[in-house]
Amino acid sequence: MKGNDYIIEFKNICKSFGDKCVLNDVSISVKQGEFLTLLGPSGCGKTTLLRMLAGFGSPDSGQILINGTDITDVPPHERPVNTVFQRYALFPHLDVYDNIAFGLKLQKVPVNEIDTKVRKVLKMVSMTDYEDRDVESLSGGQQQRVAIARAIVNQPKVLLLDEPLAALDLKMRKDMQIELKEMHRKLGITFIYVTHDQEEALTLSDTIVVMNEGKIQQIGSPTDIYNEPQNSFVADFIGESNILNGKMVKDRLVEFVGHEFECVDEGFGEDVAVDVVVRPEDIYIMNRLEGSQLSAKVKSCTFKGVHYEMFVDTDKGYELMIQDYNAFEPGSEVGLFIKPADIQVMHKERTCNTFEGEIVDESHVKFLENTFECPEGHGLEAGDKVKIEVTFASVELIDHPEEGMLAGEVHFLLYKGDHYHLTILTDDGDHLWVDTNDVWDKGDLVGINIAPKDIKLVKYND
Amino acid sequence: MTKRSTWALPYAIFLVLFVALPLILIILYAFQDGSGNFTFANFTKFFRDADAIGTFALSLEVAIENTAICILLGYPAAWILANKKLNKSAVTIVLFIMPMWINALMRTLATAELFHMLGVQLGKGTLLVGMVYDYLPFMIYPIYNILDRMDKSYAEAAADLGATPWQVFWKVQVPLSMPGVISGVMMVFMPTVSTFAISEFLTNNKIKLFGTIIQENINSSMWNYGAALSLVMLVIIGITSLLQDNKKEVSGGIV
């Protein structure tokens with residue numbers, strides 16, 4: 001596969017730890033000199049992927065190529081990459097100079113050359129005169145700089161950074177972001193950066209790979225990711241957004257919050273359920289109703305420094321977040337307007353819960369490793385395989401996990417203007433999606449009930 | 001007197017009775033003759049006695065050899081025990097540490113019996129084997145402790161910077177585990193210098209160590225000379241413990 005200009009290629013990487021799949025068919029190509037960020041919540045597999053590139057941990061299946069050469073089985077010390085570790089991992093028995101010179105000494109670089117190089121990188125990270133300092137006497141920010149210097153002094157083809165700024169305070173983090181960007185420009189090498197901080201990713205990257213639960217959600221430039229999120233996870237994770245259920249009426253016409261809006265999207269088909277994302281800064285808010293698309297009442301208004309953040313209730317009872325430079329008094333009637341290009345329409349990943357199941361008897365069906373009562377008269381034999389459909393709204397969540405047919409944990413939640421859309425992870429590791437008006441928090445333990453009438457059996461055509 | 005210092009009283013009494021007082025007595029006795037007059041004679045006697053000096057040198061030699069063998073055997077053992085890939089069970093660790101729980105005299109007697117049964121000639125060889133057997137766990141444990149708690153990211157960082165597994169070991173893991181080694185040396189070297197029971201049982205008193213001489217002198221009521229010899233030994237042990245003080249970090253040790 002030589003001849004392309006990709007420096008790194010991940011090809012169909014899969015990895016599981018025990019039963020848990022941490023990387024599921026991940027493929028990424030990185031161009032020479034690119035600043036690529038792996039972004040996602042903790043546990044999404046981003047660090048596992050980075051460590052694989054450094055040589056710590058190998059994929060269960062798939063390939064990693066550097067400059068077209070398969071390095072999947074190459075040990076860490078022979079890979080042309082260097083890593084800045086999350087907690088720096090500076091050697092406590094060596095001073096700043098010897099920490100930085102560690103790699104060069106191993107390569108048997110002549111002493112005077114080592115000296116020149118070490119002093120050069122020390123200058124680059126603004127740590128001149130710190131050569132003889134004990135690394136443990138340095139502040140977090142200084143240790144960070146030494147860790148970066150220790151990695152870049154070896155002139156790697158690729159620099160890997162594992163949440164390098166996570167341990168620094170906000171001000172320091174902002175400063176280091178600018179310095180990292182500058183360093184990337186000067187060095188001209190490829191940076192692979194891992195973070196869970198979406199703002200950091202947007203600031204630094206040429207390309208962002210958004211990951212969740214071991215899968216790539218979207219790959220794109222910061223502006224692409226922000227303006228055109230491909231699914232509700234990306235929309236929610238990157239920046240503030242209003243995520244709403246909608247219906248694509250026809251090409252260039254979408255219905256949400258009870259109104260029809262012109263949009264720029266085509267090719268979804270007619271009357272197709274979709275997710276709609278509108279960024280809070282893209283909703284125009286005004287004191288008059290003429291020229292507006294819908295009316296709303298301001299619920300709250302908070303000053304955020306650059307702008308005001310307002311929550312409004314629309315005429316059809318949906319809640320929207322709006323950011324504007326002008327403040328509107330709570331209680332006031334306002335008109336809202338959204339430009340067609342600011343409406344981002346996304347395919348729904350699913351419109352109801354579907355499970356694989358098996359008929360137990362006339363009135364019972366087994367799925368999600370449990371037996372549920374189901375409507376009688378399905379006319380199927382015991383042991384028949386069936387598909388079970390349960391709408392999001394008909395799943396009942398209760399406070400006490402032990403009182404439900406299933407127990408689980410609220411894994412992810414999304415506010416959709418008039419209800420919450422929850423992802424529940426059952427104790428057996430299955431996913432369940434629920435629409436509810438009740439307020440739950442991430443991590444809440446819940447009991448799950450499904451009424452017999454809400455279980456719809458769909459026979460497989462065989 | 002505040003409440004807190006009241007609590008310290010039992011310990012203070014203990015320290016005075018069993019540490020400070022004996023030390024003072026040793027010093028007093030060491031500089032006195034049989035009738036209580038101040039003298040250096042006990043020391044001049046020791047330094048002029050070729051036999052005593054010889055035993056002293058032999059004791060040091062045996063202690064150094066024992067410590068060296070314990071490091072050579074104990075470090076790899078500790079490394080294997082701390083390596084999760086090689087050692088998946090906590091039981092193996094207990095097996096290695098278990099001899100520490102059994103009285104040293106019992107173990108030594110058993111070892112002597114074993115040699116007797118096997119028909120091995122008792123001598124310096126059997127003495128060293130017995131000592132290593134007795135003290136090896138004291139070397140393994142502190143080293144294992146520090147290796148086990150060592151942040152894995154140091155080894156990863158070194159490998160990432162181009163170090164082969166061998167270089168990772170020598171340039172990172174060994175230097176970082178030195179506090180554990182020093183702890184081990186303290187716990188092996190010091191007691192070996194002063195031991196007498198092991199040499200008595202395992203060489204049939206053919207080889208006399210410094211501890212044996214002290215014991216013999218005190219047993220035959222040569223209190224003053226015995227005290228002087230004890231003081232010499234204390235100085236040696238004191239010098240060894242300086243080794244530890246010079247290193248700022250011994251946090252990985254057994255304490």
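Within the set of pairs 6 or more residues apart or between chains, which connect a residue that is within 17 Å of residue B:225 (Cβ to Cβ) inside segment B:13-33 to a residue that is among the aromatic types (Phe, Trp, Tyr) and open to solvent by 80 Å² or more (accessible area, probe 1.4 Å) with Cβ atoms less than 8 Å apart?
B:29/B:223; B:31/B:38; B:31/B:40; B:32/B:38
Can you pull out the residues in segment A:301-335 that are over 19 Å from residue A:257 (Cα atoms) and in contact (Cβ under 8 Å) with a residue 24 or more places away in the chain?
Within segment A:301-335, A:301, A:303, A:307, A:309, A:324, A:326, A:327, A:328, A:329, A:330, A:331, A:332 meet the criteria.
Go through (1) among the charged types (D, E, K, R); (2) more than 14 Å from chain A (Cβ to nearest Cβ); (3) touching a Gly at 6+ places or on another chain (Cβ under 8 Å) one by one and return the number of the condition residue B:113 breaks.
Among (1) among the charged types (D, E, K, R); (2) more than 14 Å from chain A (Cβ to nearest Cβ); (3) touching a Gly at 6+ places or on another chain (Cβ under 8 Å), the lone unmet condition for residue B:113 is (3).
What number of residues in segment A:59-106 are assigned to a loop (DSSP other than H, G, I, E, B) and either within 14 Å of chain B (Cβ to nearest Cβ) or closer than 22 Å to residue A:33 by Cβ (or both)?
Number satisfying all stated conditions: 15.
Looking at A:150, A:145, can you tell me which residue is within 14 Å of chain B (Cβ to nearest Cβ), out of contact with any strand residue (DSSP E or B) (no Cβ under 6 Å at 6 or more places or on another chain), assigned to a helix (DSSP H, G or I) and under 30 Å from residue A:44 (Cβ atoms)?
A:150
Rundown of residues vs (1) more than 30 Å from residue A:100 (Cβ to Cβ); (2) open to solvent by 10 Å² or more (accessible area, probe 1.4 Å), yes/no style:
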position	(1), (2)
A:160	no, no
A:182	no, yes
A:185	no, yes
A:233	yes, yes
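Within segment A:30-58, can you find the residues that are hydrophobic (A, V, I, L, M, F, W, C), assigned to a loop (DSSP other than H, G, I, E, B) and more than 14 Å from chain B (Cβ to nearest Cβ)?
The one that is hydrophobic (A, V, I, L, M, F, W, C), assigned to a loop (DSSP other than H, G, I, E, B) and more than 14 Å from chain B (Cβ to nearest Cβ): A:44.
Restricting to segment A:359-386, count the residues that are β-branched (Val, Ile, Thr) and open to solvent by 40 Å² or more (accessible area, probe 1.4 Å).
2
Determine whether residue B:105 is surrounded by fewer than 17 Cβ atoms within 10 Å (Cβ to Cβ) and closer than 28 Å to residue B:211 by Cβ.
So residue B:105 fits the description; yes.
For residue B:184, are the conditions met, namely being within 14 Å of another protein chain (Cβ to nearest Cβ) and small (Gly, Ala, Ser)?
Here the answer is no, as residue B:184 does not meet what is asked.
For segment B:132-165, name all the residues that are within 10 Å of chain A (Cβ to nearest Cβ) and surrounded by fewer than 18 Cβ atoms within 10 Å (Cβ to Cβ).
Listed by number, the residues that qualify are B:151, B:152, B:164, B:165.
Which is outside the structural domain of residue A:429 (by TED's automatic domain parsing), open to solvent by less than 20 Å² (accessible area, probe 1.4 Å), over 30 Å from residue A:231 (Cα atoms) and touching a residue at least 60 places away in the same chain (Cβ under 8 Å), of A:81, A:22?
A:81
Give the residue, chosen from A:389, A:402, that is under 27 Å from residue A:274 (Cβ atoms) and either touching a strand residue (DSSP E or B) at 6+ places or on another chain (Cβ under 9 Å) or open to solvent by 50 Å² or more (accessible area, probe 1.4 Å) (or both).
Exactly one of A:389, A:402 is under 27 Å from residue A:274 (Cβ atoms) and either touching a strand residue (DSSP E or B) at 6+ places or on another chain (Cβ under 9 Å) or open to solvent by 50 Å² or more (accessible area, probe 1.4 Å) (or both), namely A:389.
Could you list, in sequence order, the residues of segment A:276-300 that are within 17 Å of residue A:261 (Cα to Cα), open to solvent by less than 50 Å² (accessible area, probe 1.4 Å) and either hydroxyl-bearing (Ser, Thr, Tyr) or in a strand (DSSP E or B) (or both)?
A:276, A:277, A:278, A:283, A:285, A:292, A:294, A:295, A:296
How many residues does segment B:166-181 contain that are touching a His at 6+ places or on another chain (Cβ under 7 Å) and more than 10 Å from every other protein chain (Cβ to nearest Cβ)?
Number satisfying all stated conditions: 0.
Mind listing whichever residues of segment A:107-119 are without any contact (Cβ under 8 Å) to a residue 24 or more places away in the chain and either surrounded by 17 or more Cβ atoms within 10 Å (Cβ to Cβ) or away from chain B (no Cβ under 13 Å) (or both)?
Those that are without any contact (Cβ under 8 Å) to a residue 24 or more places away in the chain and either surrounded by 17 or more Cβ atoms within 10 Å (Cβ to Cβ) or away from chain B (no Cβ under 13 Å) (or both): A:109, A:110, A:111, A:112, A:113, A:114, A:115, A:116, A:119.
Hey, residue B:254 hits all of (1) among the hydrophobic types (A, V, I, L, M, F, W, C); (2) modelled with pLDDT of 85 or more; (3) not in a helix (DSSP H, G or I) but one; which does it fall short on?
Of everything listed in (1) among the hydrophobic types (A, V, I, L, M, F, W, C); (2) modelled with pLDDT of 85 or more; (3) not in a helix (DSSP H, G or I), residue B:254 misses just condition (2).
The values are calculated or read from the model by the stated rules, or taken from the named source; none is laboratory data. What you see is a predicted model, and the numbers here were worked out from it, not measured in a lab. Neighbour counts are summed over all protein chains in view; Cβ atoms, including those assigned to glycine, are modelled from backbone coordinates with ideal geometry. Side chains included, ligands, DNA and RNA excluded: accessible areas come from the protein's heavy atoms. Shrake-Rupley method; radii C 1.70, N 1.55, O 1.52, S 1.80 Å.
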